[in-house]
Structures are given as structure tokens and as C-alpha cells.
Number of protein chains: 2
Amino acid sequence: MSHLPDFASLRFRDPGTDFSLDLSRMGFTRARLDGLEADFAPVFASMRELEAGALANPSEQRRVGHYWLRAPKLTPDPELRKEIKVALDEVLDFATQVRQGRIVSESGAPFRRMLLIGIGGSALGPQLLASALPAGKGALHAHFFDNTDPEGMTDVLNRIGTDLPQTLILVISKSGGTKETRNGMLEARDALEARGLDFAKQAVAVTGVGSALFDLAQQEHWLATLPMWDWVGGRTSLFSAVGMLPAALQGHEVAALQAGAAAMDRHTREERLSGNLAALLAAAWNLATDGAGHKDMVVLPYRDRLELFSRYLQQLVMESLGKERDLDGNLVYQGLTVYGNKGSTDQHAYVQQLREGVPNFFVTFLRVLEDGHASDLLVEGVHGSADFLHGFLLGTRAALSEKGRPNLTLTLPRLEAFELGALIALFERAVGFYATLVHINAYDQPGVEAGKLAADEVLCLREQILGTLYGTPVDFSGMMSRLGKTADPETTLLLLEHLAANGSRTGVEFRDGCWAKR
Amino acid sequence: MSHLPDFASLRFRDPGTDFSLDLSRMGFTRARLDGLEADFAPVFASMRELEAGALANPSEQRRVGHYWLRAPKLTPDPELRKEIKVALDEVLDFATQVRQGRIVSESGAPFRRMLLIGIGGSALGPQLLASALPAGKGALHAHFFDNTDPEGMTDVLNRIGTDLPQTLILVISKSGGTKETRNGMLEARDALEARGLDFAKQAVAVTGVGSALFDLAQQEHWLATLPMWDWVGGRTSLFSAVGMLPAALQGHEVAALQAGAAAMDRHTREERLSGNLAALLAAAWNLATDGAGHKDMVVLPYRDRLELFSRYLQQLVMESLGKERDLDGNLVYQGLTVYGNKGSTDQHAYVQQLREGVPNFFVTFLRVLEDGHASDLLVEGVHGSADFLHGFLLGTRAALSEKGRPNLTLTLPRLEAFELGALIALFERAVGFYATLVHINAYDQPGVEAGKLAADEVLCLREQILGTLYGTPVDFSGMMSRLGKTADPETTLLLLEHLAANGSRTGVEFRDGCWAKR
């Protein structure tokens, strides 16, 4: 929109994607923003080095290559460049063969559904795509195992119902060792075998070459094994086979997704703060939170199809920025908390607190100009339902601004595959910039291991407890002496509670203060 | 579990529901907790008065009666008592007739699906029930319109597909004037009429007597009109027709839901801090957040079926506690931020930040002892998938505690209708107690109106803009002079962008810096 009075010096636009960013309600001036220009020089330089193949993830001594996935020609290493292209071709070819009925189920019938088994970065991206983009013609209907709750898995299997023989199973795990995913695979395999089906004839693996999952898939001759690389983090793996395989199977426009991300990547290579939407976002986060996560980011997309985007950002932002130490090893306790669902729905849930309550946040409004395949019905005077949706966004923005609650608005021209790709790429880059600005590693997750190790210990204790439950019933102190001094009494008690509550499965009974095993 | 060593002086249990609460990882001592006992005397007294019919919502001069809904005999007013009972009977009777095929669709075929149209308190509770409890035999499959995004509504209608003639439509709005719900109703009506169906013959209203929606339903002879009352807030309306009608239609055990809530209400009438789980929760929130919302509450239920519970709590807690002023009119900016999805899934999304990053939260773990209709498969040694789920909960709890990140654990014996009712009632009471403790009104939402009024102004301006778009194309300054001085230029520009982006619907075109209407 040229020829317009420039009344908003804090409104910025990328002509390539037609995205625009309004920072005018964040409570800082243009001069304050421009004052950050010098801070961004090293930030831009660092990103340039990352894209050129530097070891940008120092704790894991890895390169960071998710930007190469949508622009292989920029890959510094020619061999890698080829690998990326070959992998994408393989993904698209496999999906085409499935959708055209050339790769079929054991019975010869075409696949009608897909069950994606993954967690975290191996599930949230595909789930976002499935909910944000309409399925193409003849697409496979998508289901997910994204946890190790067997009841949840049973519910999914019940929804698949008699289509199970025509369900393609995607097992996705970069390391190939994620327990939740392994468990989901075993539960799915069990369900298939109970119906006399051969798991290998319906299964595809997406995993790193040489992982346990890779070996299993090779050994059992699964339908396909598609690659993951250690230079792609789970939370930024959408443009690898992790996201592109389910996207292609659901009939999404993979080329447009990639093109949108690549276009945003090009834009966010601009090494000038006011000409780079990702840098502007990072600068806004920095000013809003004192560069220390002092405020939460509430994400409110005014579009049903973007409801999962807040959760996607929650993972991308919090796992990338939530760090104990900076790059020099100083304790910094960094982070940026993200939550939100969708507008206007959330107005009826917690905008009360946002407008009047504890001022511990800034809002990110997502505004989409084209209404999509909307009805033309006028619901009140000259207005349709979509005009109310847009009106509520502007109204809530005004109501929050009036109370000095900082908010920014990101406007998308429309919500198609190209824009979704660009949107994801925009935040990936903003997270990368911000991490450099506050001097942390955005690409590792050292804190995740501790919970897994602690869980291993818990399961080890569970096995010990089951081992001691023989012969006569034993009371708590008897149990503790059987287990020995290393066992933690509280964890022991919690495990016994769980064992006894599931006696029909575990055989453990609790009676008169004593436990026994049938 | 009696006969056990009392090694956890901060673990508490309600024998009636078998819920237990572990506050031992919150970073305070039992003595510190006990020190709050005196503060709770007026809190208990205030709740007693509320239940006896006091005007506990002073700003709206209303009584607060959601506890009466599950124990009508406690209703202070005999007439009201009768109304509650009659309404519940009516709900159950209507649902039974639908499910037994005595109330049928226009064609004579039984109803197979329900489409609930509501937002906020009129949608989130029913959505929670639909996802947290398995559907009963012959139940209606549930769909929701919970926003005014016409594209989202079209997607729901596409999922309903050819079943539309056999879809019961529930329109739920206490005030009967919620725009999103009104729009949803008009879109649904339009879709039905396009297929030659009579909306009134498929529709049910749940609304306050005398509302616009009430009048419409009466006038058009809808299938039924069920009551809402001004002494039940939207966010606590689950046990009125709002939640009980969809529950009954989905075959949930309404009596068990009510009994669970009533049992928890009985327990939380105990006027002794250490003997009252809701008071203990309120005390824990108070100690964790300095009674000022200084920390966020992260809610992690380790059970797929409880995934929506965090969102339900987000509304209940933030809308109730997010207040600008206390009961004496002092500026306090209160609140308690709530977010979360489910464990162990969220471990792979943001537990990195929880363990290592900005320490701005405490965690509420929800632990369910019975695994439900789980598979018996052993996935590793002696462990099943559910044992991993439980192990990850205990492991993450340990990993967070190790880093001094406060967390509490609420344990439920199982997750059936009784426990879900009790769980909701527990947090309703905790919110009420906490509000009294920090001296605010938990039952109004004065900040919500501002956004609606601002949206009205936006739509009013939109109408004006459309009115000025006649004759020759007009540029921005021409537009502003046609609109007059009261029009806000920025809002005008944003509306013009939206109008032009949807030209096929609005007829507005933008060309060479000028707008025109076809």
C-alpha cells in the first residue's frame, strides 16, 4: 500500500511475502528501536556464519542447517547439498506412489490413513500442518500418537477402526531412541499383529542413519526409511522428511511451503534492523522483556486454522531460549514463556486478566487479511462473521493498548502453504537472532536429559520393587529393607500406589498395610 | 494408605474422593503453611456466606450459586431449589428422548451428531467433557463452533457432511447476546436452509429467560429452551444445562459427575486449612506467587484425556483472578497466569526452559493412578507404556525439584466422571478461596466489555467506510475527509486493507492508491 501517509513509523513490511509487522503498541519509540541497530551487527554476522556452515551449536559441536532444507543451493558442503535434494525427492516420490496407489497395503488396497508416531519436534510440526492447511484431494487422513499414554493410543486406534489395514504408519525419531515413540511403535505393532497384519508392510521410518530405529527398519524391510540429520534440530525439522512426508501424504503444497520459507529466509538475510522482520521481532522481544524473559509472550492468532501455532511457537521459543547459562558459561536463567490459543475465543477466557490483571506479558496478534473459503452471509447489517473476527482483533488490540498492555501485530496477506512456510521461517530466524543478542545457544537442550535419566531411575526402582514382591505380603518398612538403602522411600511409595492401583495388569495387591503380588 | 510412615508432612488426602495433594516440592515448610491458618478463618466464613446466598459478586449485585447446582438441597431459596431440580430433570429427559429416538430430526431419523455453538464458558466446559470422558453407547458425536471464523465453521460443517439433517444444534449463551454465538447460529441456520432444512426443528437453546435468544427460540418453537441463571457465571456453568445437556447427549454419567463435584464440595467445606485440599491449593498459590501472581502456573496432566483441562483452568483461573482493583477499589493488578498441555508430551516442548530457564512459574502435576482401558503390553522388561508415563512424571518432578523449581502434585485415583466432577469442583473452590485471600471479586469480568465496545466502534467505522465508497475511486486523504474528524486514520487503514483483501465478497478494490466499490 504505497501512496499512503506514513503515520506509523513503527509499521514494517516485507514486499516479498507481503507480511507486515506493527510494533507501534509495544511502548517504545522508533528512536529506541533504531538505537539497537549497532547491537544487531554481530547478530547478523553470526547468522551469516551459521548459514555458511559454522559450528553454531557449540555444546553439541554441530552445524545448524535447517535453513538449507528450503534452499539446498546455499548448503556450503556439495555432498550435503545433494543429500538434501535426494532426500526431498525420495519423500515426494514415496508420497506420490502412496497417493497414486502404487505403494499399497498388504491386502493390495490403497492406504487411506496415516498414523504418525512421534513426540515434540517429531509431532508438533506435522500436527500444525494438519490443522493449518486443508487436506488435498485423495489425501491420507492423519492420526497421531504423541505420548506414551496407552489409553490415548487406544482411543486413536478406535478412531482408525476397521481402516487399520489401510493405515500407513510413520515412525519419526531423529535419535531413534525416544522412549515414547518406541512405545507407540510397539503398541501400534501389537494392534496390527492382533489382526494378523505385518507391521513392516505398513511402516515407514524417519530417523538418523545408523540409529536403532534405522537398523530395525532396514532389518525388517519397512516400506521406506527416510533420513534425518544431526544438523537439524527437532524443533526446526519441519522442512525435512519429518514434516514434508506427512505434508505430501496429506496433499499439502510442499513446493509452496518450501518457497514461502525460502522467501522469508531471503528477506531475513537483510542486514539492517528496520528492513528485517525477524530482527524487528527479536528487538521487540528484547525491549519488552529486558532481554531476560521478564514478560510472557501471549500468541493470539485470529484464525481457527492457526490454533496450534501458539503451541508450535511454545516449543520453538521456550526450548531454544530457556537456557541456564550463556555461551561463556555464566548463569543467566534465560527464556521467553509462550502461551495462547486463538482469538476471538481466548477473549472469552483470559483477556480479562490481560486487560486488567498482572502486567506480565506482551501480546502477539496474528492477523490474516484474506478470510479464506468463508461464507458470504451477512450476519449483521453490512458485516459478515469474518468482519466480526477482524473487528474483535482490532477491538481487543485497542482495549489492551488503552491500558498500556504492550502488543504487536503481525499481518499475513492470506493463510496458504506459502504463508505458513514463511510464518514458521520468520519465527525460526527471530529466535536465532534473539539468542545471539542475549548470548545463548538456541540449538541445544541440555536440560531435557535430566528428566529422562530420573525417569530411568524410577523405572529401575519399579523393577526392583516387582522383584521383591514374592512370598508373604510385605509392609512398607519390610519393603524398604528388601530394597536396600539406595532406594528412595517416597518414590517407592508412589510406585507402590501406582502398582496397586493397576492390580489387574500388574498383579500387585495392597491389603492391611501390606503389598503382595499374585 | 494407612499403616504408612508419615514421611511427608506436606502430603494431604481427602478420603471422600481419594484425591491427594503433595505440596512437599513447593519450597515452603509445613510451619510456614500452618502459619496461614488464621488468614483462612475469614476466607472460610466468606465461602460459607456465599453458599448461604450472600451477594458474593458485589459489582454485579449477584449471588454466586454454582455450588447449588450439584447439591440443590443446599440452595437457600426454596423456589430456586425447585428451579434447579426441574431444569436438570428437563435436561436429562430431553437428552433421553433424543438418545432413545423419541425426539427425532425433521425426516424422522434419529439425531446422530450434535453441534454446540458457544464460546468461552459456554464451550470450554463441554469441550473438556467431550475430550476427557469416553462417549457412551449410542451417543451423539460432538462438534463445536467456538469462534466467529467462518472458515472454521465451514470446516466443521464439512466434517458433519451429509449427517447435517441428523445433527442437533445447541445454541448456548447466557446473555443470549454474544456476537460470536449469534454469528455461529446464523451460519448454521444458513447451511441448514441451503439444504432445505428447518433450523427450528433441529435447534435447542440454553440461555437466560427473557434473553434475545430465549425470545427467538420461543417464537420459532425450537425443540427445547433450557435455562441459565444470572447467579451462575459462564466459567462455572458446567453443572447447569450448559454442560449437563451435552454430557447427557454424549452418554456421560451425569449423576456421577454431579456426585463427584458434590463430594469435593463437601470436603472443601471443612474449615481447617490442612483438612481442605482447595484451601491448601489456594495457600500454595499464595506462597508461590506472593499473593500477587508473580509466578505462572504450568499445568501438566499426565493423561491424554486431560489435555484440555489446562485450557479449562486457564479460563477459570485467569478470568476469575485477573483483576485491576480489589474489593475496596484499590489498584492491585491481580492475576495468576495458567498454561500447559499434557505430559509427557510437553517435556519435549518446553521442560528445557522449566528446568533451566527463567524461574517464573510453578508446576501443577496431575497424576492419575489407574491407567484406564490401557493395553497390557510390556514394552520394555517389566514395564508397560503407562509405567513410562508415570515414570516420566516422577522423573520430571525430580528433575525440576533438583533445580529448586517449585511444583505440586495432585493425585487422582482414576479418571472417571466422578473424579472429573471432583477435579473441577476442587479448582472452583480453590479459586474462590484465593480470591477472598487476596481480597478481590472472583465472579465478575469487568475488563471483557472494553474489547467488545471497541470492536463495536470498529464495525461502526467499517459501515461508514462502505457507505463512503461510492462513485469515483478515493485515496486515503479523500477517504479521511469523507469520514470526518472522528474517524481514526489507523483503524481506517486497517479496515481498508481487510476490505480490499476480500474484494470478491466485499466488492472493494484497491488500485493506484485509491479504493473503490464495485
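Here is how the numbers come out for the structure above:
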{"quantity": "Averaged over A:117-129, number of beta-carbon atoms from partner chains that fall within 10 Å", "calculated": "2"}
{"quantity": "Positive minus negative residues near A:Glu416 (Lys, Arg vs Asp, Glu; Cβ under 13 Å)", "calculated": "-3"}
{"quantity": "Inter-copy label distances at B:Glu270 (7 Å, Cα→Cβ; nm, one decimal)", "calculated": "6.3"}
{"quantity": "Average partner coverage of B:178-191, which counts Cβ from other chains inside 10 Å", "calculated": "4"}
{"quantity": "Cleavage-rule hits (trypsin sites (Lys or Arg not before Pro)) in the stretch B:233-273: DSSP loop, at most 14 neighbouring Cβ within 10 angstrom", "calculated": "B:Arg272"}
{"quantity": "Gap separating the Cα centres of the stretch B:392-409 and the stretch A:327-367, nearest whole Å", "calculated": "23"}
{"quantity": "Mean Cβ count within 10 Å, highest first, over the residues of peptides A:20-26, B:354-360, A:237-243", "calculated": "A:237-243, B:354-360, A:20-26"}
{"quantity": "Mean separation of Cα contacts under 8 Å, 6 or more apart, over the residue count of the stretch B:26-135: relative contact order %", "calculated": "10"}
{"quantity": "Inter-part distance where the stretch A:158-186 and the stretch B:44-82 are each reduced to a Cα centre, Å", "calculated": "50"}
{"quantity": "Alpha-carbon centroid distance for the pair the stretch B:96-140 / the stretch B:448-518, whole angstrom", "calculated": "41"}
{"quantity": "Candidate aspartates and glutamates - alpha carbon under 14 Å from B:Lys517, same-chain residues fewer than 8 apart omitted", "calculated": "B:Glu463, B:Asp475, B:Glu497, B:Glu509"}
{"quantity": "Within the stretch A:398-444, trypsin sites (Lys or Arg not before Pro) in DSSP loop having at most 16 other beta-carbon neighbours inside 10 Å", "calculated": "A:Lys403, A:Arg414"}
{"quantity": "Theoretical ellipticity at 222 nm over chain B - DSSP helices of four or more residues, -39500 (n - 2.57) apiece, nearest 500", "calculated": "-13500 deg cm²/dmol"}
{"quantity": "Rg ratio (alpha-carbon, reference 2.2 N^0.38 Å) - the stretch B:1-77", "calculated": "1.51"}
{"quantity": "Surface/4 estimate of mean projected area, convex hull on alpha-carbon atoms of the protein assembly as shown, nm²", "calculated": "41.0"}
{"quantity": "Placed amide H near B:Asp296: partners under 5 Å, 5+ positions off or other chain", "calculated": "B:Phe361, B:Phe362"}
{"quantity": "Relative counts (whole %) of C-alpha pair distances in the stretch B:135-176, using bins that are 5 Å wide", "calculated": "5, 18, 24, 26, 17, 8, 2"}
{"quantity": "Qualifying trypsin sites (Lys or Arg not before Pro) for the stretch B:43-140 [loop in DSSP, other Cβ within 10 Å: at most 16]", "calculated": "B:Arg102, B:Arg112, B:Lys137"}
{"quantity": "Contact order relative to length of the stretch B:446-517, as percent, for alpha carbon pairs under 8 angstrom and 6 or more apart", "calculated": "34"}
{"quantity": "Relative contact order [Cα under 8 Å, 6+ residues apart], chain B, whole percent", "calculated": "17"}
{"quantity": "Net +/- balance of residues flanking B:Tyr339 in space, Cβ distance below 13 Å, scoring K and R +1, D and E -1", "calculated": "-1"}
{"quantity": "Electrostatic dipole magnitude of the stretch B:156-234 [Cβ: Lys, Arg +1; Asp, Glu -1; Cα centre; debye, to 20]", "calculated": "120"}
{"quantity": "Violating pairs (Cα-Cα greater than 27 angstrom) within the set A:Lys85/B:Lys342; A:Lys403/B:Lys179; B:Lys137/B:Lys179; B:Lys82/B:Lys137; A:Lys295/B:Lys452", "calculated": "A:Lys85/B:Lys342; B:Lys137/B:Lys179; B:Lys82/B:Lys137"}
{"quantity": "Zero-based 10 Å bins, Cα pair distances in the stretch B:446-517, whole percents", "calculated": "20, 52, 21, 6, 0"}
{"quantity": "Values of log10 I(q)/I(0), in the order q = 0.08, 0.13 Å⁻¹, for chain B under a Debye, Cα-only, solvent-free model", "calculated": "-0.59, -1.31"}
{"quantity": "Beta bridge orientation in chain A: antiparallel %, DSSP, nearest 5", "calculated": "35"}
{"quantity": "Share antiparallel - DSSP beta bridges, the protein assembly as shown, percent rounded to 5", "calculated": "35"}
{"quantity": "Inverse mean reciprocal Cα-Cα distance (Kirkwood Rh) of the stretch A:317-414, Å", "calculated": "16.0"}
{"quantity": "Normalised alpha carbon radius of gyration of the stretch A:269-338 [divisor 2.2 N^0.38 Å]", "calculated": "1.24"}
{"quantity": "Distribution of pairwise C-alpha distances over the stretch A:176-316, 5 Å bins, in %", "calculated": "2, 8, 10, 15, 17, 14, 11, 9, 6, 4, 2, 1, 0"}
{"quantity": "Radius 11 Å from Cβ of A:His66, net charge of other residues (Lys, Arg +1; Asp, Glu -1)", "calculated": "+1"}
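No lab work stands behind these numbers, since they all come straight from the coordinates. Nothing here was measured: the structure is a model prediction, and the numbers come from that model. As a convention, Cβ positions derive from the backbone with ideal geometry for all residues, glycine included, and neighbour counts pool all protein chains shown.
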